[in-house]
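Scroll down for the structure; my scribbles are underneath it.
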Protein chains: 2
Amino acid sequence: MSLRDLATRTRGAARQAGAQAGAERSAALHRMAEALDGHRERILDANRADVRDAEAAVAAQAMSQALADRLKLSSKRLDQLIASLHGLAKTPDPLGRTVHHIELAPGLVRREVTAPLGVLLIIFESRPDALVQIAALGVRSGNGLLLKGGSEAARSNTVLHEVLREALAPLPPDLLTLVHTREDIAALLQLDDLVDLVIPRGSDALVRHVQAHTKIPVLGHADGICHVYVDAQADPAKAHAIVLDSKTNYPAACNAMETLLVHRAHVGGLADELIQALQTADVLVHRAPEAPFPDLPEASSLAHEYGDRACTIAIVDDVAAAMAHIHRYGSGHTDTVVTEDPQVAATWQAGLDSACVFVNASTRFADGFRFGLGAEVGISTGRIHARGPVGVEGLLTTRHLVTGHGDTVAAFSTGERTFTHLKIGG
Amino acid sequence: MSLRDLATRTRGAARQAGAQAGAERSAALHRMAEALDGHRERILDANRADVRDAEAAVAAQAMSQALADRLKLSSKRLDQLIASLHGLAKTPDPLGRTVHHIELAPGLVRREVTAPLGVLLIIFESRPDALVQIAALGVRSGNGLLLKGGSEAARSNTVLHEVLREALAPLPPDLLTLVHTREDIAALLQLDDLVDLVIPRGSDALVRHVQAHTKIPVLGHADGICHVYVDAQADPAKAHAIVLDSKTNYPAACNAMETLLVHRAHVGGLADELIQALQTADVLVHRAPEAPFPDLPEASSLAHEYGDRACTIAIVDDVAAAMAHIHRYGSGHTDTVVTEDPQVAATWQAGLDSACVFVNASTRFADGFRFGLGAEVGISTGRIHARGPVGVEGLLTTRHLVTGHGDTVAAFSTGERTFTHLKIGG
């Protein structure tokens, strides 16, 4: 079958699934959970084969140990996935929720309701449990999924896909479609009339590659150049806690601090203490070209994402200078100010043009779970459709349902009838 | 100045304007209205020169009369524009509205608030009053605008732009930037890192051209293949009213009916009466290949947008067949069913995958003003970001404002603190 036919079938299946009552999609999620339980050994066998090959690749230095580690499924991990599917089945149906409800004129009503986006192409690396989580979100939101996993997890993904797909009925099996090769992806990225959104979950390089090769909207972020600005009126204890947590809690994360901006008043005081604290925590601190710390190595660029135990420190004159620095060098992801001055906090939150604009909190809170979104689909630094950590709402659009009694526009043009536009709800 | 510099300045201006209080942007709108009033003669002089050239072009058969007619500004039209600017100045500020408000943990709160998209490239044809309306929406929503009007309105647009731009202060003048040539547009369409959204307001050909030449998201619709389905249980009077209004109220509109689907039960009855009524109204009715009306000319395609006093009739067996036809041949714009059967209406509204899904109402209601959205930015048949008629909300995104007291993620990892995720509002 051509990939165009494949995507067309997935769209047809998505239309069927989206039109089902929420209870039907909940029942499918329960069946998917039970199927994972029932095929536990088959799944773990396939995964063991993937892991065995990966360990051989690690031994041959053809794969990193970290990548091989992320491959592993355990019976305990399956239990967690099964529990999360049952949990998702019990959450309220995200579809058909009324967003706006308005009387256009007597007897003529418009309701805007949530609806599935349509067909999503999701590219994920390594972890086979991602397939289960993504498939569950797709079923919950009535979207059709074209799934491409990492080749190192091919056996695990194939079995998981088979098991979940069989459990869908009476929902159409084509709702979950697994594609296998890079060539398939290249071809699917051309189908902007059939695929509504691409979600690359993986390295920056993957996101950048996808963005460069498609006209389909991409939900994701290639960069996470996050800043902490320590204001003149910062509480030193809070500054220490936030700077260290933002950099060292998980240095490889996209929401980790890359650049520390410190108010000039702290040079010779808090600024030096923060450098020392970071160095004590094994962080290699670089300096901006102008920063008065001659002992530090100079940063190669002020727009650098280390993704590691390293960062840049720059000195700024005030909150306006800090914001100008971030607008120039940042990636619009997450930036936080440490300040006790309510005026500075207000200026920061009114004017900083980033997805996540924090006051006195670690940048690491920028995350779907911590934000209270339930599952996280991804973090978007784009401004269209979804911004910041994205939950299941990012997989939805709306439809406008108008119900009348034979109403014509002509009757309004002639003045026979008049629009009322009365808000009913939503 | 390079177009990259131009767009960068517009983005900077937008950041400034978006950070201003709503009252500042309202005041600018009032000043813009007053400036139009104060420069009335200068504006009308420039417009008269454009119209004179256009009339010459019409005489030389180099321009259509319709295009020349759309160019004309009158003192009365200026009055309307002035009134609409004062009106918009009084509407609630769309920025900073709380969408979600949630306690993440005691003392740690997230507010998701509306924010400007950033920089919009708006390409409009002919009507110079569009420049005023678009500029007003941009100021209201804190977005920076790169504006390109039709070359036939160059003098009118230049004066209007000058007048409005001067009235912005203390808002930065670069908020409204006029670009002049097709080459400028071609260059701006490449700047997907600086321009957030393109809105082409004009012909299908313009929309298609823009979509084919940019990676920036495009808000618009190239096709409007709208359907009316007359069900077995249709009320004949409503069917007549809706079919005629949908086709003849404004045949060139994107929300006009292009294909009439009729239930087989009406062949030899209502179907024939509807054909006759359309023909009486000067509509050229084509038949689908299989439709049992041998006297009608055959349609060249079932996915054809006539955009004129013409349409196609096809016979279907039931509501499922009508929906399958629309999913196959439609453009996902607006489709309406005429039925007295609540089951058919429910099936239609649950399962039809179009932006606007109507019951017993003319397709012509798919319009921002009629929908009660205030100003209309455009109609989107895309599914990402905005769908259907789009008002000022389509020019917004959100930002996540988190406020804490020195909170770290580490304290939650260790179990010292727990997320509460309590909804506060929004």
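The values are calculated or read from the model by the stated rules, or taken from the named source; none is laboratory data. Note that the structure is a prediction, hence the values are computed from the model and not measured. Cβ: placed from backbone, ideal geometry, glycine included. Neighbour counts: every protein chain shown. Protein only, heavy atoms only, side chains kept; ligands, DNA and RNA dropped before computing areas. Shrake-Rupley method; radii C 1.70, N 1.55, O 1.52, S 1.80 Å.
What the table shows:
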item: Wholly enclosed strands (runs of 3 or more DSSP E) of region B:223-295 bearing at least 2 residues surrounded by fewer than 21 Cβ atoms within 10 Å (Cβ to Cβ) and of a type in the set (Lys, Arg); result: none
item: Selection count, region B:385-403, where residues are more than 7 Å from every other protein chain (Cβ to nearest Cβ) and either under 21 Å from A:Asp335 (Cβ atoms) or open to solvent by 50 Å² or more (accessible area, probe 1.4 Å) (or both); result: 2
item: Test: residue in region A:85-94 that is closer than 30 Å to A:Gly426 by Cα, of a type outside the set (A, V, I, L, M) and crowded, with 18+ Cβ neighbours inside 10 Å; result: yes
item: Region A:14-45 - residue that is of a type in the set (Gly, Ala, Ser) and over 22 Å from A:Arg97 (Cβ atoms) and, of those, surrounded by the most Cβ atoms within 10 Å (Cβ to Cβ); result: A:Ala33
item: Condition check for B:Phe369: outside any helix (DSSP H, G or I) and of a type outside the set (S, T, N, Q); result: yes
item: Members of region B:355-376 that are more than 7 Å from chain A (Cβ to nearest Cβ) and buried (at least 24 other Cβ atoms within 10 Å of the Cβ); result: B:Thr363, B:Ala366
item: Candidate set: region A:85-121, residues that are among the small types (Gly, Ala, Ser) and assigned to a loop (DSSP other than H, G, I, E, B); chosen: the one nearest to A:Leu147 (Cα to Cα); result: A:Gly118
item: Flag for A:Ala212 being in contact with a Gly (Cβ under 8 Å, 6 or more places away or on another chain) and free of Cβ contacts under 8 Å to residues at least 12 places away in the same chain; result: no
item: Subset of region B:157-167 [under 25 Å from the mean Cα position of the chain (by Cα) and under 12 Å from B:Val139 (Cα atoms)]; result: B:Leu164, B:Arg165
item: Residue check for A:Gly406: part of a strand (DSSP E or B), open to solvent by 10 Å² or more (accessible area, probe 1.4 Å) and within 7 Å of chain B (Cβ to nearest Cβ); result: yes
item: Extreme residue, farthest from the other protein chains (Cβ to nearest Cβ), among residues of region B:335-354 that are in contact (Cβ under 8 Å) with a residue 40 or more places away in the chain and not in a helix (DSSP H, G or I); result: B:Asp341
item: The lone exception for B:Ala303 - which of (1) assigned to a loop (DSSP other than H, G, I, E, B); (2) within 13 Å of another protein chain (Cβ to nearest Cβ); (3) in contact with a Cys (Cβ under 9 Å, 6 or more places away or on another chain) it fails; result: (3)
item: Matching residues, region B:64-84, being part of a loop (DSSP other than H, G, I, E, B) and open to solvent by less than 40 Å² (accessible area, probe 1.4 Å); result: B:Leu73
item: Region A:409-420 - residue that is of a type in the set (Val, Ile, Thr) and more than 7 Å from chain B (Cβ to nearest Cβ) and, of those, least open to solvent (accessible area, probe 1.4 Å); result: A:Thr420
item: In region B:308-330, residue nearest to B:Ile242 (Cα to Cα) [restricted to those that are in contact with a strand residue (DSSP E or B) (Cβ under 9 Å, 6 or more places away or on another chain) and open to solvent by 30 Å² or more (accessible area, probe 1.4 Å)]; result: B:Arg309
item: Qualifying residue in region B:173-186 (condition: assigned to a helix (DSSP H, G or I), without any contact (Cβ under 8 Å) to a residue 60 or more places away in the chain, surrounded by fewer than 16 Cβ atoms within 10 Å (Cβ to Cβ) and of a type in the set (D, E, K, R)); result: yes
item: Qualifying positions in region A:196-221 - in contact with a helix residue (DSSP H, G or I) (Cβ under 6 Å, 6 or more places away or on another chain) and small (Gly, Ala, Ser); result: A:Gly220
item: Criterion (out of contact with any Pro (no Cβ under 8 Å at 6 or more places or on another chain) and more than 17 Å from A:Ser362 (Cβ to Cβ)) met by exactly one of A:Leu197, A:Leu260, A:Leu244, A:Leu176; result: A:Leu176
item: Subset tally (residues that are out of contact with any Pro (no Cβ under 6 Å at 6 or more places or on another chain), closer than 14 Å to A:Gly307 by Cβ and crowded, with 21+ Cβ neighbours inside 10 Å) for region A:200-220; result: 0
item: Conditions (1) open to solvent by less than 10 Å² (accessible area, probe 1.4 Å); (2) part of a loop (DSSP other than H, G, I, E, B); number of the one not met by A:Ala153; result: (2)
item: Residue list for region A:115-141, filter: more than 15 Å from the chain's Cα centre (by Cα), open to solvent by less than 10 Å² (accessible area, probe 1.4 Å) and within 14 Å of chain B (Cβ to nearest Cβ); result: A:Ala115, A:Leu117, A:Gly118, A:Val119, A:Ser141
